[in-house]
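Engineer: Would you mind keeping the following structure in view while I ask a few things?
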Amino acid sequence: MKKIVVLLFLIVCCVNLIYSENGYDLWLRYKKVDNPFLYSSYREKNHHVIFPCSSDKLLAAKNELRNGFLGLLDLQLTETEVIENNTLVVGTPKTIPAFQHQPFIQDINKLNDDGFVIRSLNFQGKQVTGIIAKTDIGILYGVFRYLRLMQMHSSIERLAITEEPSLKYRVLNHWDNLNGTIERGYAGSSLWDWERLPTYKDKRYTDYARANASIGINGSILNNVNASAKSLRADWLVKAAGLADVFRPYGIKVYLTAKFSAPKEIGGLDTADPLDPKVKQWWKDKVKEIYALIPDFGGFLVKANSEGQPGPQDYGRTHADGANMLADALEPFGGIVFWRAFVYQNERHVDRVVTGYNEFKPLDGTFRRNVFVQPKNGPIDFQPREPFHPLFGAMPNTPLAMEFQITQENLGHAGHLVYLGTLYEETLQSDTYENGTGSTVSRILQNYNKTYGMSAIAGVSNIGSDLNWTGHLFGQANWYAFGRLAWNPDLSSKDIAKEWVRLTFSNKEEIIDPILNMMLMSREAAVNYMMPLGINHIMNFDTHNGPEPWHDDPVWTAFDYHKVTKDSIGVDRTINGSNAVSQYRSPVKEEFNDIQKCPSIYLLWFHRVPWNYKMPSGQTLWNELVAHYYKGVDEVEQMQNIWNRLKGKIDNERFEHVSSLLKLQKGEAAWWRDACVLFFQQYSGLPIPEGYSHPEHSLEYYKQIPFPYNWDQTNFFEK
Ligand code: BDP
């Protein structure tokens, strides 16, 4: 009897082990295909492979294929030289010269360097599948795409896929400090082990590169925008070079942030004036030194004259003067500059929303060709919801790079499930009217492709040393969504979410549908319980997590953002107010300016509205505001219910992980709701409408709740 119990126990343990997943494998899990029909058809089609390899990129691609076959199909990658039916043929016209005479070569030649085709074709009299590209990196992308087909249980018969990325530079911005902390990072510490680099190269760097390459990300900016000049010192550059060596086979270039005062801080000069010949020379020499170590170095990202960072304005020069000096140094090597447009004066009389546009719009057309101006998606600062940044549509002669935030600085850190694909899509599909209807932000980004090949998108990374990379398992979906939209900014966030669920959890509809529902409702839920109707910047002033609409000190006050009084709430940014609306083109400008036409999601962003204002729903503003806050919490409850019904259908480890975080989210959502409703009620003086439960505690109670500790802010070791 005892033996049987022990045996049963061991079986249970094994089953648990098999089904327990910690999330490390991301969307590259390569679990065995559990549909017998597909399994055998995939095996048949991949029985033999022709895949000549002459570069590290091709080798990386073949390794991936090998791992994919083993995991998905229990199949060893078997190479052949003789073409038979059902052979998988992988190569470029260079590695498989016979391709040069095939009719499909025309299609390949039309693609950009990162493109590929995957086709079922007749090649040398045999029916084969071809993964064909112009370049080696195209092959790597094609292989990942091919494996994804099988991971998602799609048919691989009669394939006719042609793909190329719409944007050229698709980069992650890591806000990693050299001391291992990550500014606004919530998934542990930095992946970069600076102490042991470059000699010791953690295997994780390779997995990081694989994950990025699988979605087409091709650049990694290693360090924080609040930069340390030290990262440009010779002893640190060799470490960056060590990472570049690991990333290279995966087509990922390394970039660094450049602290504008570096010539003074580490170069011994007495100025960093961009027009000073000594300074120019210093940067030229520095760039030369970098390229000697990292021949494919990507370039610099710069935060200048913003939030206390040094910049060209310290010397009476413009952003263009600063950016162009760096661009000139990088140009001979093919490097580029990302110059951020996230600037604002810490002066309370200036509406922060208008600053970026005011500083950059007049400089349109004055930047070198290898400079991107990089605004954030909205004109304030990664709020749960913002209208698109008005610089998109206002600088037709300057390549603009989009900066999205993947890390959830203002969206519940790694504690809340908030799928950001919908946020990204909302911005990308906003119409700027730069060239008439249909000039979406996405088009603006892609249009520059037509001018001189410059197009870019950047995402502030949510990756850290946590075993599952992103802290919250669903944070992986945001990394994935960013990458997929970087490849094609017109993809639908819903389709992307569906892909991610299939790759991460299961191909079974009974699992896909509920998870998809949760993801698609999650961002709106967060907006509802945090900052509905265009309210913004009312989070804790320091950690940016938790409600603090009452924060008020001489330097920083939430009152500048909500301007609440007993009569009204919201900021007047109409033509009678700060006139921020005029930074948008017609008809967006008129739409935002008119309280009747302004979408209610942006109402209090652009308008000061009396508490008893009648909303289109027929409710007063006060009642509607309260309704949003309560709805947000209800939505989190719905998400919990959906998730709970998945118990037993997905592995226990990931189920429990998400389940406990949803509990945390529910608690914090209720905290946001109760604190904000009570705070605003002090001003409106109106009752919480019938049917809603009253907050359990007083406002004083909520004000005293300590904000969850966040250790990421310490940059002090570097200073
Ligand atoms: C703000 C962050 C701050 C960043 C800054 C930036 O709170 O940590 O340094 O943006 O983007 O949102 O430069």
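The values are calculated or read from the model by the stated rules, or taken from the named source; none is laboratory data. The shown structure was predicted, so the numbers you read here are calculated from the model rather than taken from an experiment. Counting neighbours? That spans all protein chains shown, and the Cβs are built from the backbone with ideal geometry, glycine included. All accessible areas refer to the heavy atoms of the entire protein, side chains included, with ligands and DNA or RNA removed. Shrake-Rupley method; radii C 1.70, N 1.55, O 1.52, S 1.80 Å.
Engineer: Could you please find all residues in the stretch 124-142 being surrounded by 21 or more Cβ atoms within 10 Å (Cβ to Cβ) and modelled with pLDDT under 95?
Structural biologist: Correct list: empty.
Engineer: When the residues of the stretch 393-407 are narrowed to those that are in a loop (DSSP other than H, G, I, E, B) and open to solvent by 10 Å² or more (accessible area, probe 1.4 Å), which ends up nearest to Thr437 (Cα to Cα)?
Structural biologist: The selected residue is Pro396.
Engineer: So which residues in the stretch 154-185 are surrounded by 18 or more Cβ atoms within 10 Å (Cβ to Cβ) and either part of a helix (DSSP H, G or I) or more than 16 Å from the ligand (Cβ to nearest atom) (or both), if there are any at all?
Structural biologist: Within the stretch 154-185, Ile156, Leu159, Glu163, Glu164, Pro165, Ser166, Leu167, Lys168, Tyr169, Arg170 qualify.
Engineer: Separate question: With the condition kept exactly as written, say whether any residue in the stretch 525-542 is within 16 Å of the ligand (Cβ to nearest atom), over 24 Å from Trp611 (Cβ atoms) and out of contact with any Gly (no Cβ under 8 Å at 6 or more places or on another chain).
Structural biologist: yes
Engineer: Give just the number: which of (1) in contact with a Ser or Thr (Cβ under 6 Å, 6 or more places away or on another chain); (2) within 16 Å of the ligand (Cβ to nearest atom); (3) part of a loop (DSSP other than H, G, I, E, B) does Glu386 not satisfy?
Structural biologist: (1) is the only condition that Glu386 fails.
Engineer: Could I ask something else about it? Consider Phe342 carefully, then state whether it is open to solvent by 10 Å² or more (accessible area, probe 1.4 Å), touching a helix residue (DSSP H, G or I) at 6+ places or on another chain (Cβ under 7 Å), of a type in the set (A, V, I, L, M, F, W, C) and closer than 18 Å to Pro362 by Cα.
Structural biologist: yes
Engineer: Of the residues Glu590, Glu548, which single one is under 26 Å from Glu426 (Cβ atoms) and in contact (Cβ under 8 Å) with a residue 12 or more places away in the chain?
Structural biologist: Just one listed residue meets the conditions, Glu548.
Engineer: Determine if the stretch 441-451 includes at least one residue that is in contact with a Lys or Arg (Cβ under 6 Å, 6 or more places away or on another chain), touching a residue at least 12 places away in the same chain (Cβ under 8 Å), assigned by TED's automatic domain parsing to the domain that holds Ala497 and not in a strand (DSSP E or B).
Structural biologist: No, that holds for no residue.
Engineer: Scan the stretch 26-54 residue by residue and report those that are open to solvent by less than 30 Å² (accessible area, probe 1.4 Å) and either touching a helix residue (DSSP H, G or I) at 6+ places or on another chain (Cβ under 8 Å) or at pLDDT below 95 (or both).
Structural biologist: The answer is Leu26, Trp27, Leu28, Tyr30, Val33, Leu38, Tyr42, Asn46, Val49, Phe51.
Engineer: Taking the stated definitions as given, is Glu64 in a loop (DSSP other than H, G, I, E, B), in contact (Cβ under 8 Å) with a residue 24 or more places away in the chain and outside the structural domain of Lys498 (by TED's automatic domain parsing)?
Structural biologist: Spelling it out, it is not the case that Glu64 is in a loop (DSSP other than H, G, I, E, B), in contact (Cβ under 8 Å) with a residue 24 or more places away in the chain and outside the structural domain of Lys498 (by TED's automatic domain parsing).
Engineer: Would you confirm whether any residue within the stretch 231-243 is within 30 Å of Ala61 (Cα to Cα), charged (D, E, K, R) and either away from the ligand (no atom under 16 Å from the Cβ) or assigned to a loop (DSSP other than H, G, I, E, B) (or both)?
Structural biologist: The answer is yes; a qualifying residue exists.
Engineer: Go through the stretch 542-572 residue by residue and tally those that are in a loop (DSSP other than H, G, I, E, B), among the aromatic types (Phe, Trp, Tyr) and either modelled with pLDDT of 95 or more or under 23 Å from the mean Cα position of the chain (by Cα) (or both).
Structural biologist: Matching residues across the stretch 542-572 total 1.
Engineer: Looking at Ser442, Ser430, Ser461, which is the one that is among the small types (Gly, Ala, Ser) and surrounded by fewer than 24 Cβ atoms within 10 Å (Cβ to Cβ)?
Structural biologist: None of the other options fit; the residue is Ser430.
Engineer: Among residues belonging to the stretch 301-333 that are touching a residue at least 12 places away in the same chain (Cβ under 8 Å), more than 16 Å from the ligand (Cβ to nearest atom) and open to solvent by 40 Å² or more (accessible area, probe 1.4 Å), point out the one that is farthest from the chain's Cα centre (by Cα).
Structural biologist: The selected residue is Tyr315.
Engineer: What are the residues in the stretch 91-126 that are hydrophobic (A, V, I, L, M, F, W, C) and not in a strand (DSSP E or B), if any?
Structural biologist: Passing the criteria: Ile96, Ala98, Phe99, Phe104, Ile105, Ile108, Leu111.
Engineer: Select, from Phe360, Phe367, the only residue that is within 30 Å of Asp270 (Cα to Cα), modelled with pLDDT of 95 or more and within 16 Å of the ligand (Cβ to nearest atom).
Structural biologist: Phe360
Engineer: Right, next: Taking the stated definitions as given, is Asp381 in contact (Cβ under 8 Å) with a residue 60 or more places away in the chain, open to solvent by 10 Å² or more (accessible area, probe 1.4 Å), among the charged types (D, E, K, R) and within 13 Å of the ligand (Cβ to nearest atom)?
Structural biologist: Yes: the conditions hold for Asp381.
Engineer: Now, a different point. Scan the stretch 259-287 for residues that are closer than 24 Å to Asn177 by Cα and either open to solvent by 80 Å² or more (accessible area, probe 1.4 Å) or modelled with pLDDT under 95 (or both) and jot them down.
Structural biologist: Hits for the stretch 259-287 are Lys264, Glu265.
Engineer: Here are some residues: Ala481, Ala456, Ala497, Ala401. Which one is of a type in the set (Gly, Ala, Ser), within 16 Å of the ligand (Cβ to nearest atom) and either at pLDDT 95 or above or at positive phi (or both)?
Structural biologist: Answer to the check: Ala401.
Engineer: Let me ask something additional. Taking the stretch 80-102, which residues are open to solvent by less than 40 Å² (accessible area, probe 1.4 Å) and either among the aliphatic types (A, V, I, L, M) or outside the structural domain of Gln127 (by TED's automatic domain parsing) (or both)?
Structural biologist: Answer for the stretch 80-102, where residues must be open to solvent by less than 40 Å² (accessible area, probe 1.4 Å) and either among the aliphatic types (A, V, I, L, M) or outside the structural domain of Gln127 (by TED's automatic domain parsing) (or both): Ile83, Leu88, Val89, Val90, Ile96, Ala98.
Engineer: Then there is this: Which condition number in (1) surrounded by 23 or more Cβ atoms within 10 Å (Cβ to Cβ); (2) touching a His at 6+ places or on another chain (Cβ under 9 Å) is the one that Trp500 fails?
Structural biologist: (2)
Engineer: For Tyr424, state whether it is more than 16 Å from the ligand (Cβ to nearest atom), aromatic (Phe, Trp, Tyr), open to solvent by less than 10 Å² (accessible area, probe 1.4 Å) and assigned to a helix (DSSP H, G or I).
Structural biologist: Taking the combined requirement at face value, the residue satisfies it.
Engineer: Okay, next question. From the list Asn226, Asn218, exactly one residue is open to solvent by 10 Å² or more (accessible area, probe 1.4 Å) and within 16 Å of the ligand (Cβ to nearest atom). Which is it?
Structural biologist: Testing whether each residue is open to solvent by 10 Å² or more (accessible area, probe 1.4 Å) and within 16 Å of the ligand (Cβ to nearest atom) leaves just Asn226.
Yes/no matrix, rows are residues, columns are (1) under 20 Å from Tyr344 (Cβ atoms); (2) touching a helix residue (DSSP H, G or I) at 6+ places or on another chain (Cβ under 8 Å):
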residue	(1), (2)
Asn545	no, yes
His551	yes, no
Thr557	yes, no
Lys563	yes, no
Asn579	yes, yes
Asn593	no, yes
Pro616	no, yes
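Engineer: So is Lys201 open to solvent by 20 Å² or more (accessible area, probe 1.4 Å), in contact with a Phe, Trp or Tyr (Cβ under 7 Å, 6 or more places away or on another chain) and not in a strand (DSSP E or B) or not?
Structural biologist: No: the conditions fail for Lys201.
Engineer: Also: Does Ala209 satisfy the criteria of being open to solvent by less than 20 Å² (accessible area, probe 1.4 Å) and farther than 26 Å from Trp500 by Cβ?
Structural biologist: Considered against the rule, which asks whether it is open to solvent by less than 20 Å² (accessible area, probe 1.4 Å) and farther than 26 Å from Trp500 by Cβ, Ala209 comes out as no.
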